[in-house]
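The values are calculated or read from the model by the stated rules, or taken from the named source; none is laboratory data. Just so we're clear, the structure is a prediction, and the values are computed from it rather than from any experiment. Ideal geometry is used to build each Cβ from the backbone, glycine not excepted, and the neighbour counts take in all protein chains shown. Ligands, DNA and RNA are stripped out before the accessible areas are found, and what is left, the full protein with its side chains, is counted by its heavy atoms. Shrake-Rupley method; radii C 1.70, N 1.55, O 1.52, S 1.80 Å.
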Amino acid sequence: MGGPLPALESAPAWFRNALAVPFEDGVVDVDGVPIHHLTWGEPGRRGIVFVHGGGAHAHWWTHLAATFADDFRVAALDLSGHGDSGHRDAYDIEQWTEEVMAVAVASDMAGKPVVVGHSMGGFVTIATAALHADDLTGVIVCDSPVTEPDPEVESYRLKEAFGNPRTYASVEEALARFRTVPPQDHYCDFVMDHVGRRSLRAVDGGYQWKFDRHVFEQFAGGMRGIAQPYLGEVRCRFALLRSEHGLVTDDIGAAMYEALGRVAPVIELPEAGHHAMLDQPLVLLTALRTLLADWDHSAPHRRAGR
C-alpha cells in the first residue's frame, strides 16, 4: 500500500511534486494513546497543523500540506480512532484538541501555530480555538457546519456510512468501494487513489478501513452539534471556508458568522464539494495561502467585549 501509486503517472506535476517532498512519521503519547503524525519542513520554523475529518486521516492533507514545507514547519495528525493512531474506549472533542496541541509541540514549531481543520476536524479546530487561543496564531475551518443536529437523520447517515466493518480480499477491491461521506459529484482520481490506499490496514483475510467505528456510534446523536458550545468562545483569529456545494449553507454560514462576533471572514470555495481537497485542491490551497499571507500583514478584528 505504500508503494508507487498507479494514478501518479497521470497526475499533474504540482501533485507529483507535493508527494515528492520529504516527510517524517512521528508518534506522541497523549493520555496513554499513541498519536501518529506527519511532518514536513525544517524544525524551528513557524507552524501549521492540519486536522482531517471523520473517518479520514493525515494523508488526506499530504498534497496540500507538503506545499508549505519551504516556509513552515508543517504537521498533519491522525486523531485517535483514525489512521495509524491508537483507539480509545471513548472519544471526546476536548481530548482531540489536546492531541492537536501535543502534535504541534512534538513537531518543534516556532511560536504559535495556525490550525487548519476540515469537517469533523473543523469542529475539533473550533474547540481548539476556544480552549487554546493563547497558544495559537489563528485557525481556518473548512466546511464544518456548526448547527443544531437532527439526531434521527444523523444517526441513520452515520450508520449507513460507517456500519459493520467489511473485509476486502485485495486493495483494488477496497478502492473500488472507496466512498466519501457525504458523496459529491466530482473527485480528482489521482487524489482519491492516494488517499484511499492509505486508508486501509491489512487484517486476516484481506484489508479493512483503518478508522474506529465506535467514533461514529458515540457521536451518532449529533456530530454537527459538538462544536456549538465552543463557537462563541473563540478568541483567536478565525476564518471559515465554505464549499459552494458543501454542507455549510448560506444560512449556516451566516449563523456561524454571528456567533463568532461578526469578525471572522466567511469565504466560499467555488465549484468545491464538501471535501474540497479531493475535488478542488488548488482552489482550497489558494484560499489557505491567501489567508496566511493576509494574516502576516494585517491586524485582526476583535469582537465586542474581547
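Just a few scattered comments:
- Of the residues making up region 267-289, one or more are open to solvent by 50 Å² or more (accessible area, probe 1.4 Å), part of a helix (DSSP H, G or I), of a type outside the set (D, E, K, R) and closer than 18 Å to PHE68 by Cβ.
- Which numbered condition VAL153 misses (of (1) open to solvent by 40 Å² or more (accessible area, probe 1.4 Å); (2) outside any loop (DSSP other than H, G, I, E, B); (3) at pLDDT 95 or above): (3)
- Pairs, first in contact (Cβ under 8 Å) with a residue 60 or more places away in the chain in region 235-246, second of a type in the set (S, T, N, Q), C-beta under 7 Å, six or more apart: ARG237/THR137; HIS245/GLN184
- Pairing each residue of region 165-186 that is assigned to a helix (DSSP H, G or I) with any residue that is at pLDDT below 95 and among the hydrophobic types (A, V, I, L, M, F, W, C), provided the two are 6+ apart or on different chains, yields C-beta distances under 7 Å for VAL171/MET1.
- Of note, LEU278 satisfies the criterion of being among the aliphatic types (A, V, I, L, M), at pLDDT 95 or above and in contact with a Phe, Trp or Tyr (Cβ under 9 Å, 6 or more places away or on another chain).
- When PHE238 is tested against (1) more than 15 Å from SER144 (Cβ to Cβ); (2) within 17 Å of the chain's Cα centre (by Cα); (3) not polar (S, T, N, Q), only condition (1) is not met.
- Helices (runs of 4 or more DSSP H) enclosed by region 202-262 - at least 2 residues per element that are open to solvent by less than 40 Å² (accessible area, probe 1.4 Å) and either out of contact with any helix residue (DSSP H, G or I) (no Cβ under 7 Å at 6 or more places or on another chain) or under 21 Å from LEU291 (Cβ atoms) (or both): 228-231, 250-259
- When THR167 is tested against (1) modelled with pLDDT of 90 or more; (2) under 21 Å from the mean Cα position of the chain (by Cα), just one condition goes unmet, and that condition is (2).
- Test result for GLY222, over 17 Å from the mean Cα position of the chain (by Cα), modelled with pLDDT under 95 and on the phi > 0 side of the Ramachandran plot: yes
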